[in-house]
Amino acid sequence: MALLIKNGEIVTASERYVADIWCEQDTITRIGRDLPVPPGAEVIDATGQYVFPGFIDPHVHIHLPFMGTQAKDTYVTGSRAALMGGTTTLIEMCCPSRADDALASFDVWMDQAVGKSACDFTFHMGVTKFDENTPAQLREIVARGISSFKIFLAYQGAFGINDTELYRTLKLARELGVIVTAHCENETLVAERQRELLAAGRTDPGQHHESRPPLVEAEGVHHLLTFAELTGAATYIVHLSCREALAEAIAARQRGVHVEIETLIQYLLLDKTMAERPDFEGAKYVMSPPLREAQHQAVLWNGLRSGLINTVATDHAPFDFQTQKPMGRADFTKIPNGIPSLEERVHLLYTHGVCSGRLDLATFVNVASTQAAKIFGLFPRKGTIQPGSDADLVVFDRQYRGVISARTQAMNVDYSAFEGWPIQGRARVVTVRGEVAVRDGKYLGTPGRGQFLRRTPQHIGVPD
Ligand code: URP
Ligand code: ZN
Ligand code: ZN
């Protein structure tokens, strides 16, 4: 089906102009003024509206067996939520338990997505152990189209790896040319502080931050980047939350370490007082690293504006407030970690970034789409608007005004951390490779239409 988007203001990370976009099959084939309307083509009038490249969320959990339970979304519900919020590509963390082999787990995660996802997807392959079988399995996974790994320096006994495994993973990544994404918190410090807090009878959700203060994260970043410096591996810090961790990452960059930095919409907008709310309400706001003191938000916004921080993701990890968060009612260390936000990232970033004057439009597109495409080997197929790119497009109605609520959200979870928050502007029409998946708040996507995006290693990093 051919699609013509007429008269929109096209905004990419580097350009802004009014034109028509002509899409055939999956692809943008022509951009220009006053393009003719061929018979049979679907026409969308975008006059007075922005047209953005489809947004990319580089850190999502859909299939997530974690902390004794299972995250709530499936690829059917998760991709619907992503598309409703303008996200047309998601990168999921494939997170095997330490008991499972990487290759078998990769197949499990693929099975969850193929035939169900309505948006395009790929994975960061979690390396949650490194034994004698791991290198061959990771080589095979890379050959199947994966060019990024994921490691955890936290979650001792679950996903966390030790220093020997860390060193070997980074060396292999360097050899294969893949980038390593990393959850950076010192797991020994977390475990010790959790033990001390619980022994002192401090069991409520507000203690979560006490167990993982900024220095715990900063040490994790420093630790990872010391190993990266020695191995020459390219790295990407996921969910960076605070000034101390950012300072460590920048210091490593200044030493020549290849490190990209992701923050989350939650850290830009929410703060630690929310996790301190009484009557267990704070459990809604428990994630790791924890929400920080509000003063860190200006540091993160500045980081985005100045280009020090590359991407804004969600780390979408939905656990119900009624049935899953209460697993930690008597012990904060057992609250399933995660704050769902896959659906709201783009709308919140536009409202609080662009409308409030913190980010210009180009930076907004860059951090919510283009940078992820470039870092993870999807550019220019994704992340921009140009002939040859996939026709993943967001016609954005800047006049729209709405309010976020769990009652109306598409995410399969029973609460919103942003309940009652106003939004300005929304993704009015969202296309996935030329097919309309959202129109005027109505979901029209096709489960199973989403494609697995094969990627090849980029061999970025410090040269020998
Ligand atoms: O609290 C979080 N972040 N939950 C999801 C798992 C992870 O660490 O990314
Ligand atoms: Zn994490
Ligand atoms: Zn995560």
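The values are calculated or read from the model by the stated rules, or taken from the named source; none is laboratory data. Since we're looking at a predicted model, the values are computed, not measured. Ideal geometry is used to build each Cβ from the backbone, glycine not excepted, and the neighbour counts take in all protein chains shown. These accessible areas exclude ligands, DNA and RNA; they are computed on the full protein's heavy atoms, side chains included. Shrake-Rupley method; radii C 1.70, N 1.55, O 1.52, S 1.80 Å.
What the table shows:
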| item | result |
| --- | --- |
| Check on VAL257, of a type outside the set (Ser, Thr, Tyr), outside any loop (DSSP other than H, G, I, E, B) and under 21 Å from PHE376 (Cα atoms) | no |
| Of all residues in the range 77-115 being of a type in the set (A, V, I, L, M) and open to solvent by less than 10 Å² (accessible area, probe 1.4 Å), the one that is nearest to PHE452 (Cα to Cα) | ALA113 |
| The range 85-95, residues that are closer than 21 Å to THR431 by Cα, in contact (Cβ under 8 Å) with a residue 60 or more places away in the chain and either within 16 Å of ligand 2 (Cβ to nearest atom) or in a strand (DSSP E or B) (or both) | THR87, THR88, THR89, LEU90, ILE91 |
| Considering residues of the range 242-258 that are among the aliphatic types (A, V, I, L, M) and within 16 Å of ligand 2 (Cβ to nearest atom) only, the residue nearest to ASP320 (Cα to Cα) | ALA245 |
| Members of the range 389-416 found to be surrounded by fewer than 22 Cβ atoms within 10 Å (Cβ to Cβ), in a loop (DSSP other than H, G, I, E, B) and among the hydrophobic types (A, V, I, L, M, F, W, C), listed by number | ILE404, ALA406, ALA410 |
| Single residue of the range 63-84 satisfying the filter (touching a residue at least 60 places away in the same chain (Cβ under 8 Å) and within 13 Å of ligand 1 (Cβ to nearest atom)) that is farthest from LYS442 (Cα to Cα) | MET67 |
| Residues satisfying the stated conditions in the range 43-84, i.e. in a helix (DSSP H, G or I) and closer than 17 Å to GLY425 by Cβ | LEU83, MET84 |
| Helices (runs of 4 or more DSSP H) enclosed by the range 263-316 - at least 3 residues per element that are within 16 Å of ligand 1 (Cβ to nearest atom), out of contact with any strand residue (DSSP E or B) (no Cβ under 8 Å at 6 or more places or on another chain) and of a type in the set (Val, Ile, Thr) | none |
| Residue within the range 6-14 that is more than 29 Å from the chain's Cα centre (by Cα) and part of a strand (DSSP E or B) present | yes |
| Qualifying positions in the range 340-357 - among the β-branched types (Val, Ile, Thr) and within 14 Å of SER369 (Cβ to Cβ) | VAL346, VAL354 |
| Boolean, ALA71 is under 20 Å from the mean Cα position of the chain (by Cα) and among the small types (Gly, Ala, Ser) | yes |
| Any chance LEU270 is within 22 Å of LEU342 (Cβ to Cβ) and open to solvent by less than 10 Å² (accessible area, probe 1.4 Å) | yes |
| Lone qualifier among ALA71, ALA118 - being more than 16 Å from ligand 2 (Cβ to nearest atom), among the aliphatic types (A, V, I, L, M) and surrounded by 24 or more Cβ atoms within 10 Å (Cβ to Cβ) | ALA118 |
| Residue match in the range 313-323 (condition: touching a residue at least 12 places away in the same chain (Cβ under 8 Å), open to solvent by 10 Å² or more (accessible area, probe 1.4 Å) and within 19 Å of the chain's Cα centre (by Cα)) | yes |
| Candidate set: the range 319-334, residues that are part of a loop (DSSP other than H, G, I, E, B) and in contact with a Phe, Trp or Tyr (Cβ under 9 Å, 6 or more places away or on another chain); chosen: the one nearest to ligand 2 (Cβ to nearest atom) | PHE319 |
| Residue that is open to solvent by 10 Å² or more (accessible area, probe 1.4 Å), farther than 15 Å from LYS382 by Cβ and aliphatic (A, V, I, L, M), where the choices are ILE31, ILE10, ILE44 | ILE31 |
| Test: residue in the range 40-47 that is away from ligand 2 (no atom under 16 Å from the Cβ) and modelled with pLDDT under 95 | yes |
| Qualifying residue in the range 96-106 (condition: closer than 30 Å to ILE309 by Cβ, among the aliphatic types (A, V, I, L, M) and more than 16 Å from ligand 2 (Cβ to nearest atom)) | yes |
| Residue list for the range 346-356, restricted to those being within 19 Å of GLY420 (Cβ to Cβ), outside any loop (DSSP other than H, G, I, E, B) and either open to solvent by 20 Å² or more (accessible area, probe 1.4 Å) or within 16 Å of ligand 2 (Cβ to nearest atom) (or both) | HIS352 |
